[in-house]
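Working notes for the structure below.
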């Protein structure tokens, strides 16, 4: 999910003094604890080890939980009393975490891929210390990239990833040579 990738990326690149820990859990089965202060990542399989670690942390942190399939909402221990923030990302079926949401009184925010205004805001934020010309240049570059690969932040803001993903798309399109492919797809230069 593009929004999830973008949020996790931003958490991991936040100033370590403001946010010392980022916990990334994929379906609760594998949990990564990123200690940004000492630049380490510890991988835990299963819930027990991560539960102990989470409750022992007294510094500021944020939990990023990726629901992989229906029936795997976050375990209750992820909602600690330490005041950490938590983001739960679910596949398009928005009912995946209904029960968990009620139990912990969570606030639901539904996000899809960013639209044009969201991406413009991201450009403005990224160039906030620069000039308005810098913001306009950022937007022009990103808009051109979005025309080729869609509004996926990991590909439109990173030049190397954009080039690689564009090439992969071109290869896939070049591989379509049947009449159906020609009838359903157009290739723009």
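The values are calculated or read from the model by the stated rules, or taken from the named source; none is laboratory data. The structure displayed is predicted, hence computed values, not measured ones. Note: ideal-geometry Cβ built from the backbone for every residue, glycine included; neighbour counts use all protein chains shown.
Below, the figures for the structure above:
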| quantity | calculated |
| --- | --- |
| Helices (runs of 4 or more DSSP H) lying entirely in segment 90-189 (those with 3 or more residues that are at pLDDT below 75 and touching a helix residue (DSSP H, G or I) at 6+ places or on another chain (Cβ under 9 Å)) | 98-104 |
| Selected residue (criterion: surrounded by the fewest Cβ atoms within 10 Å (Cβ to Cβ)) from residues of segment 4-48 that are in a helix (DSSP H, G or I) and touching a strand residue (DSSP E or B) at 6+ places or on another chain (Cβ under 8 Å) | 12 |
